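Participant: Can you read through this structure? Questions will come right after.
The values are calculated or read from the model by the stated rules, or taken from the named source; none is laboratory data. Bear in mind the structure is a predicted one, so any value in this text is a computation, not a measurement. Cβ sites come from the backbone with ideal geometry, for glycine too, and all protein chains shown count toward neighbours. Calculation scope for accessible area: heavy atoms of the full protein, side chains included, ligands and nucleic acids excluded. Shrake-Rupley method; radii C 1.70, N 1.55, O 1.52, S 1.80 Å.
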Amino acid sequence: MSGFDCDLFVIGGGSGGVRAARMAAQLGARVVLAEAAALGGTCVNVGCIPKKLYSHAAEYADHFRDAAGFGWDLGPARLDWQRLKQNRAQEIARLNDVYDQLLRGAGVELLRGWATLCDGHTVQVALADGARHWRARHILVAAGGTPSVPHFPGREHVLTSDQMFDLEPFPRRLVVVGGGYIACEFASIFQGLGAQVTQLYRGEQILRGFDDEVRAFLAQELVKHGLDLRLRTDVAAVERRPTGLALTLSSGESIEADAVLYATGRIPNVAGLGLEAAGLRLSPHGAIVVDERYRTAVPSILAVGDVTARLQLTPVALAEAMVVVDQLYGSGERTMGYELVPTSIFTHPTVGTVGLTEEQARARHGAVRVFRTDFRALRHTLSGNPERTLMKLVVDAASDRVVGLHMVGAEAGEIVQGFAVALQAGATKAVFDRTIGIHPTAAEEFVTLREPVLGSGEEAVARATDASA
Ligand SMILES: Cc1cc2nc3c(=O)[nH]c(=O)nc-3n(C[C@H](O)[C@H](O)[C@H](O)COP(=O)(O)OP(=O)(O)OC[C@H]3O[C@@H](n4cnc5c(N)ncnc54)[C@H](O)[C@@H]3O)c2cc1C
């Protein structure tokens, strides 16, 4: 290790950084990790975990309403927002400690301070007692991302997702701006918790990039739950008035709210990292450019996770970190595929999806068969809740492989995770047909869909056949 203070210096103690540091140390590498904020990064502190906890809290609103049809008489429900926040903060603090112990237990040296790259092998960390330098054989940048708010008059009055978890007081009237999954989740969660929520999105439909039918179906369900969803609508200005925040919309209309959340995008966390000094290259969107092995333009520096802005999800950052560790200290055979990454959106109802959307499948495979159903879940025959469930399979007509699987409904994420294994294994529709269902569940519909949708799959098959005749 001549001339180096450590084998691997990791910048960022979030999903990707912690995984890489821990695994590398367990393989015998001498690892140092610098984290400027709370351990666990976005996911643990202001992302997946607190969001899912609040999503659970919001679910209760539906459960209380649904209970009457099952014979339960309950008194009026009231949310104690302070108690929810306190309990969440306590659980997150526990997780911060778990991360600390995991790192120290693996032998990682933990530094609490901001890290800056000085060159390809040197990192400076601003510690409480002054700045110190470390020389490392390799440096891994896992600095994550941060919310970005566009420039418009009144920008200083709006919030980002980072501030939503500790909001004080609870917003009676909330406006959410954005159409991505984070915007939809917060809109749905705060709606469930009792706020009157208006979601504004300038595009034609929420959730760009997801299956078109899923987008339209979810939008419909969110509106049924009471969300005031306004598409093709943007904000021109926000102004503070004695009665609240006044938003002037692009249409000229105006609405008032107690809080405004901007969830319009995230940018890689590269400001103040010293990228220029180290000679790293950035994409036009400000992400660190890496190759398929996560190597940057400087051979000794690697980068994973949101700072590279590929697929911004925790399990993706973890898997990328594992590839890096395997490459530096293992067999070097591990690879990462981005094709079949399953995801869930924790709205009410939830969305679960893996593989290609119908639109992507048609563009890639030409002829596809689409199987779909939408129905009222058994629970809601008694609850009286009008919520419906959508399930959809997209099959490549030539190979019979299921190339996309989508669901909007209760526990969609839990269900789709299992089916993602089947898609990863290359399951065909015939394999789905041979699989016995679990009755009575919603999930069994995925293995009992028999007839393709007429006018979509069939039509595409006919078109493709005509073209090749
Ligand atoms: C509201 C929200 C909800 C989400 N929900 C989900 C979900 O349900 N499922 C899912 O899979 N993903 C979800 N995500 C995405 C997920 O959180 C990220 O993809 C994941 O955290 C990325 O991990 P990372 O290691 O790249 O970065 P991060 O987890 O962001 O970690 C980066 C860390 O680096 C530190 N850091 C940055 N620069 C420096 C520096 N110079 N010196 C020292 N420390 C530094 C930061 O403080 C931070 O702790 C969500 C994100 C948000 C914002």
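Participant: When you scan the range 341-376, how many residues do you find that are away from the ligand (no atom under 16 Å from the Cβ) and either within 27 Å of residue 320 (Cβ to Cβ) or touching a residue at least 40 places away in the same chain (Cβ under 8 Å) (or both)?
Facilitator: Matching residues across the range 341-376 total 20.
Table: residues versus (1) part of a strand (DSSP E or B); (2) surrounded by fewer than 17 Cβ atoms within 10 Å (Cβ to Cβ); (3) within 13 Å of the ligand (Cβ to nearest atom).
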{"site": "98", "(1), (2), (3)": "no, yes, no"}
{"site": "101", "(1), (2), (3)": "no, yes, no"}
{"site": "133", "(1), (2), (3)": "yes, yes, no"}
{"site": "198", "(1), (2), (3)": "yes, no, no"}
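Participant: Related question: Looking only at the range 158-196, which residues are open to solvent by 30 Å² or more (accessible area, probe 1.4 Å) and not in a helix (DSSP H, G or I)?
Facilitator: 159, 166, 168, 169, 170, 172, 173, 180, 194, 196
Participant: Consider residue 236 carefully, then state whether it is open to solvent by 40 Å² or more (accessible area, probe 1.4 Å) and among the hydrophobic types (A, V, I, L, M, F, W, C).
Facilitator: So residue 236 passes the test.
Participant: Anything in the range 349-375 that is buried (at least 22 other Cβ atoms within 10 Å of the Cβ) and not in a strand (DSSP E or B)? List them, or say none.
Facilitator: Passing the criteria: 349, 350, 356, 358, 361.
Participant: I'm trying to understand the selection: among the residues of the range 135-164, which are within 16 Å of the ligand (Cβ to nearest atom) and more than 13 Å from residue 115 (Cβ to Cβ)?
Facilitator: 145, 146, 147, 148, 149, 158, 159, 160, 161, 162, 163, 164, listed by residue number.
Participant: May I ask you to list the residues in the range 168-186 that are within 17 Å of residue 256 (Cβ to Cβ) and within 16 Å of the ligand (Cβ to nearest atom)?
Facilitator: Hits for the range 168-186 are 174, 176, 177.
Participant: Right, here's the next one. Just to be sure, is residue 241 open to solvent by 60 Å² or more (accessible area, probe 1.4 Å), within 13 Å of residue 142 (Cα to Cα) and without any contact (Cβ under 8 Å) to a residue 24 or more places away in the chain?
Facilitator: Judged against the criteria, residue 241 is not a match.
Participant: On the given criteria, is residue 15 within 13 Å of the ligand (Cβ to nearest atom) and open to solvent by 10 Å² or more (accessible area, probe 1.4 Å)?
Facilitator: yes
Participant: Mind listing whichever residues of the range 235-264 are of a type in the set (D, E, K, R) and under 18 Å from residue 156 (Cβ atoms)?
Facilitator: 239, 240, 241, 256, 258
Participant: I would also like to ask the following. Suppose we filter 79, 8, 53 for residues that are surrounded by 14 or more Cβ atoms within 10 Å (Cβ to Cβ) and in contact with a His (Cβ under 6 Å, 6 or more places away or on another chain); which single one remains?
Facilitator: Result: 8 is the single residue among 79, 8, 53 that is surrounded by 14 or more Cβ atoms within 10 Å (Cβ to Cβ) and in contact with a His (Cβ under 6 Å, 6 or more places away or on another chain).
Participant: Kindly provide the set of residues from the range 378-402 that are in contact with a helix residue (DSSP H, G or I) (Cβ under 9 Å, 6 or more places away or on another chain) and of a type in the set (A, V, I, L, M, F, W, C), ordered by number.
Facilitator: Within the range 378-402, 382, 390, 391, 393, 394, 395, 397, 398, 402 qualify.
Participant: For the range 103-114, which residues satisfy the criterion of being crowded, with 16+ Cβ neighbours inside 10 Å and either part of a loop (DSSP other than H, G, I, E, B) or touching a Gly at 6+ places or on another chain (Cβ under 8 Å) (or both)?
Facilitator: 103, 106, 108, 110, 113, 114
Participant: Among the residues of the range 51-85, count how many are over 21 Å from residue 184 (Cβ atoms) and part of a loop (DSSP other than H, G, I, E, B).
Facilitator: Total meeting the criteria: 9.
Participant: Restricting to the range 256-282, and then to whatever is within 21 Å of residue 205 (Cβ to Cβ) and part of a strand (DSSP E or B), can you tell me which residue is most open to solvent (accessible area, probe 1.4 Å)?
Facilitator: Checking each candidate, the answer is 266.
Participant: While we're looking at this one, here's another question. Out of 307, 325, which single residue is in a helix (DSSP H, G or I), β-branched (Val, Ile, Thr), near the ligand (Cβ under 10 Å from one of its atoms) and open to solvent by less than 30 Å² (accessible area, probe 1.4 Å)?
Facilitator: Among 307, 325, only 307 is in a helix (DSSP H, G or I), β-branched (Val, Ile, Thr), near the ligand (Cβ under 10 Å from one of its atoms) and open to solvent by less than 30 Å² (accessible area, probe 1.4 Å).
Participant: Can you tell me which residue among 389, 435, 448 is among the hydroxyl-bearing types (Ser, Thr, Tyr), at pLDDT 95 or above and open to solvent by less than 40 Å² (accessible area, probe 1.4 Å)?
Facilitator: 389
Participant: If you don't mind, another one. Between 140, 127, which is open to solvent by 20 Å² or more (accessible area, probe 1.4 Å), more than 21 Å from the chain's Cα centre (by Cα) and modelled with pLDDT of 95 or more?
Facilitator: One residue alone meets the criteria, 127.
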